[in-house]
1. Going by the structure shown, is D235 loosely packed, with under 14 Cβ neighbours inside 10 Å and modelled with pLDDT of 95 or more?
2. Those residues that are closer than 21 Å to D240 by Cβ and surrounded by fewer than 14 Cβ atoms within 10 Å (Cβ to Cβ), I need them from the stretch 196-211; list them, please.
3. For the subset of the stretch 228-254 comprising residues that are among the charged types (D, E, K, R) and without any contact (Cβ under 8 Å) to a residue 40 or more places away in the chain, which member is nearest to K170 (Cα to Cα)?
4. Restrict the check to the stretch 126-148 and report whether at least one residue is charged (D, E, K, R), surrounded by fewer than 21 Cβ atoms within 10 Å (Cβ to Cβ) and outside any strand (DSSP E or B).
5. Given (1) part of a strand (DSSP E or B); (2) exposed (fewer than 12 other Cβ atoms within 10 Å of the Cβ), identify the lone condition not met by T175.
6. Tell me which of these P258 doesn't satisfy, since it passes every other one: (1) on the phi > 0 side of the Ramachandran plot; (2) within 23 Å of the chain's Cα centre (by Cα).
7. Give all pairs with beta carbons closer than 8 Å in which a residue from the stretch 183-210 that is in a loop (DSSP other than H, G, I, E, B) meets a residue that is surrounded by 13 or more Cβ atoms within 10 Å (Cβ to Cβ) and β-branched (V, I, T); count only pairs at least 6 apart in sequence or on separate chains.
8. With the checklist (1) more than 19 Å from D46 (Cα to Cα); (2) part of a helix (DSSP H, G or I) in hand, flag the one item F152 doesn't pass.
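The values are calculated or read from the model by the stated rules, or taken from the named source; none is laboratory data. Bear in mind that the values here come from a model prediction, so they are computed numbers and not experimental data. Cβ placement follows ideal geometry from the backbone for every residue including glycine, while neighbour counts extend to all protein chains displayed.
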Amino acid sequence: AAFKPQDQYARQVRLPAPPLLLVDRITGIDAEAGVESTGIIWTETDLKPDQWFIHDGRIRPGPLIESGQADLTLIGWMGADFKNQDDRVYRLLGCEITFHEGGLPEPGETLHFQIEITGQATLAGVRMFFFQYDCMAGDRRVFSVRNGQAGFFSDEELASGKGVMWDPAKDSPPTADPAPFAAEGASRKRAFSAKDLDAYRVGNAWACFGDGFELAAAQSRPIRLPDDRLALFDDVEAFDPHGGPWGRGYLKARAHVPVDAWFYEGHFHNDP
C-alpha cells in the first residue's frame, strides 16, 4: 500500500522488460521499505543453452554484467520514486569491474548476485546512490563491481549531457606492464568492412583479417564474433596495432542505431 501512490507515474525506477530482463529470482532484501539508506538485495539468474546471450557455450560479458541489474529494484524499494515523481529518471554513471579466474559461466550454471547500496547523496542538485556487487557461480566468484555510481536526472539535465569524458593526456594506463603482444602478427588491414565482419561472425577469420590468417581456415571451432542481438557494431573504420595514446593499439568501430533498435522498448519502459 505504501507504494500505491507512485503507480500514477509513467516513468519509474524499474527492471528492464524482456529480452533485457535478466533477473530470474529475487531471493532476499535487507533494507527498510521507503527509507533512503543502505541495503542489500540477493538475486539469481539461470543460464540455459537457448538464451540469446549465450555465444559458443558461454554467456557474453555484457549480458553477464547486466544480470546484476537489481540495484534498480533495491533503490526503488527504498522509495526513489517518492521523490522522482516522473520528473527524474535513472542513469548509470560508472563503476569498476574485475573479472576473476575461471572464465565466463556456462549453461547449466546459476548466477548468484549480492548487490549492496552503500550510500546516497545529493550532488549539485542531483540525487545519487553508490553500489557494489559480487557475482558467484557455485563457489566461484565470477566478477566483482566496485565504486558503482548512479543518479536520477531531469530531461533537461540529460539533454545537456556531454557524454563520456576521457582525456588520455590526464588518465594513466590501466596497467603499468601490459601482457606481451606480438603486434607483427596482427592483421595488415587497417579497416574492416561489414562484409569482413560478417565473415568473422561465421568463423571465417581468413576472409576477415586477410594475409597471415590462412591457417585459421582449417579450424573446426574458430573464435568468432557473436551475431544476431549481440552484433552491436557494423564495421571498423580504423585499426592500428601500435596506435592509441599509449601505443598499445587502437580500433574505431561504428554502429548504425535505428530508432526501432531491439533494446529500446524494454530498457526502460517509457524511458526513453
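1. Considered against the rule, which asks whether it is loosely packed, with under 14 Cβ neighbours inside 10 Å and modelled with pLDDT of 95 or more, D235 comes out as no.
2. D211
3. Residues of the stretch 228-254 that are among the charged types (D, E, K, R), as a first pass: 228-229, 234-235, 237, 240, 248, 252, 254.
From what is left, the residues that are without any contact (Cβ under 8 Å) to a residue 40 or more places away in the chain are 252, 254.
Details: K252: 21, R254: 26 Å.
Of everything passing the filter in the stretch 228-254, K252 is nearest to K170 (Cα to Cα).
4. Here is the first cut: in the stretch 126-148, the ones charged (D, E, K, R) are 127, 134, 139-141, 146.
Filter once more, so that each one left must be surrounded by fewer than 21 Cβ atoms within 10 Å (Cβ to Cβ): 127, 134, 139-141, 146.
When the remaining residues are screened for being outside any strand (DSSP E or B), the result is 139.
Within the stretch 126-148 (the criterion being charged (D, E, K, R), surrounded by fewer than 21 Cβ atoms within 10 Å (Cβ to Cβ) and outside any strand (DSSP E or B)), the answer is yes, since at least one residue qualifies.
5. (1)
6. Looking at each condition in turn, P258 falls short on (1).
7. Taking only residues 6 or more apart or on different chains, the pairs are A191/V236.
8. Just one mismatch for F152, condition (2).
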